[in-house]
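Data first, discussion second: the structure below is written as structure tokens.
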Amino acid sequence: MSEQTASIRILHVDDEPGFADLVATYLQREDDRFEIELASNASDGLDRLDDAEFDCIVSDHDMPGQNGIEFLETVRDDHPDLPFILFTGKGSEEVASEAISAGVTDYLQKGSGTHQYTVLANRIRNVVEKWHTEQEAERIRTRLEAITENSNDAILTIDAESTIRFVNRAAEELFGYEQDTLVGEPLTTLIPPRHRDTHHEAIEQYLETGERTIDWKAVEFHGQHRDGHEIPLSVSFNEFEEDDEIRFVGVLRDISDRVRMEEDLRERERRFRQMAENLQEIVWMTDPEKEELIYVNDAY
């Protein structure tokens with residue numbers, strides 16, 4: 001249903017073949033995307049469901065064998081979310097109540113005139129579009145869960161009050177807290193005390209003015225482990241909305257190894273300079289490609 005021209009496959013179950021054919025004719029006049037397959041009873045309808053995929057079921061209620069609600073209950077065992085519209089001439093409140101309890105998607109009473117088919121067509125389009133939208137949202141949610149739970153980087157979300165709303169498993173490993181214990185805690189739990197005021201000021205300024213005090217891509221600062229030691233981090237932030245409220249997501253990468261390598265390199269350079277600058281012999285370094293000196297000591 002990502003394209004307007006995608007077909008909509010409908011299983012129409014009704015024990016009156018003449019009426020079922022009439023419904024099919026009018027529905028296809030209303031929308032040429034409708035592909036309608038007919039079944040004369042619930043048992044036949046279940047067989048069709050086993051053999052093919054449908055976007056919606058339209059079913060009568062009074063039928064031999066299983067009635068419409070019993071058919072619905074059977075369908076829900078294997079297809080809990082498939083749109084199911086009860087289209088019946090029996091319009092009592094009792095039937096409607098039972099249908100809702102059984103998980104019907106929509107309920108429409110048969111009437112006279114052709115307007116009922118326009119209404120039915122609209123109901124079908126609406127429930128199918130909603131169903132496909134929910135399916136796509138579920139697929140996206142599943143993919144995001146797989147990404148966050150299998151990421152080596154810590155991922156967390158906070159609200160406008162800097163309360164942690166979500167953390168993945170990598171965050172648990174990085175900071176030493178269990179996932180459940182972090183949810184609901186302030187983000188400052190993971191920030192060294194000397195940086196907490198700066199964080200609050202930056203959040204408040206952004207919410208008030210929309211101005212960022214720092215670049216949100218690969219910012220480097222220290223986090224704080226549960227045992228108190230600090231962790232050098234590279235953090236990227238972004239903003240999104242959830243339930244009409246502002247949320248922030250952060251992806252945190254432990255850069256301890258890189259920091260140690262840089263510190264080790266600086267220490268080696270310091271020792272080299274200390275040694276070279278105290279020698280009486282000449283020490284120099286050149287770049288053979290550029291044919292220029294890149295270091296000389298005092299003796300040079």
*Matching option when the condition is open to solvent by 40 Å² or more (accessible area, probe 1.4 Å) and within 30 Å of residue 188 (Cβ to Cβ), among 264, 257*: 257
_Condition first: open to solvent by 100 Å² or more (accessible area, probe 1.4 Å), assigned to a helix (DSSP H, G or I) and either more than 21 Å from residue 75 (Cβ to Cβ) or basic (Lys, Arg) (or both). Now tell me which residues in the stretch 99-143 satisfy that._
115, 130, 139, 141, 143
*Show the residue pairs that are 6+ apart or on different chains and have beta-carbon atoms under 8 Å apart, the first residue being within the stretch 176-204 and touching a residue at least 40 places away in the same chain (Cβ under 8 Å), the second being of a type in the set (S, T, N, Q).*
177/189; 203/162
*asked:* For the stretch 43-90, give me each residue that is charged (D, E, K, R) and farther than 22 Å from residue 126 by Cβ.
replied: 44, 47, 48, 50, 51, 62, 70, 73, 77, 78, 90
*Among the candidates 212, 196, single out the residue that is buried (at least 16 other Cβ atoms within 10 Å of the Cβ) and over 22 Å from the mean Cα position of the chain (by Cα).*
196
*Of the residues that sit in the stretch 162-192 and are within 21 Å of the chain's Cα centre (by Cα) and under 15 Å from residue 227 (Cα atoms), which one is surrounded by the most Cβ atoms within 10 Å (Cβ to Cβ)?*
171
_Residue selected from the stretch 17-44 under the condition touching a helix residue (DSSP H, G or I) at 6+ places or on another chain (Cβ under 6 Å) and among the aliphatic types (A, V, I, L, M), by the criterion most open to solvent (accessible area, probe 1.4 Å)_ = 38
*Which one of the conditions (1) of a type outside the set (Val, Ile, Thr); (2) buried (at least 19 other Cβ atoms within 10 Å of the Cβ); (3) under 21 Å from residue 27 (Cα atoms) does residue 71 fail to meet, given that it meets all the rest?*
(3)
_It is to be established whether one or more residues within the stretch 45-53 are over 33 Å from the mean Cα position of the chain (by Cα), buried (at least 18 other Cβ atoms within 10 Å of the Cβ) and outside any helix (DSSP H, G or I)._
no
*In the stretch 267-297, residue least open to solvent (accessible area, probe 1.4 Å) [restricted to those that are of a type outside the set (A, V, I, L, M, F, W, C) and closer than 30 Å to residue 232 by Cα]*: 267
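The values are calculated or read from the model by the stated rules, or taken from the named source; none is laboratory data. Computed from a predicted model, the values in this text were never measured in an experiment. Cβ coordinates were reconstructed from backbone atoms using ideal geometry, including for glycine residues, and neighbour counts include every protein chain displayed. When the accessible area is computed, the model is the full protein with side chains, heavy atoms only, and any ligands, DNA or RNA have been set aside. Shrake-Rupley method; radii C 1.70, N 1.55, O 1.52, S 1.80 Å.
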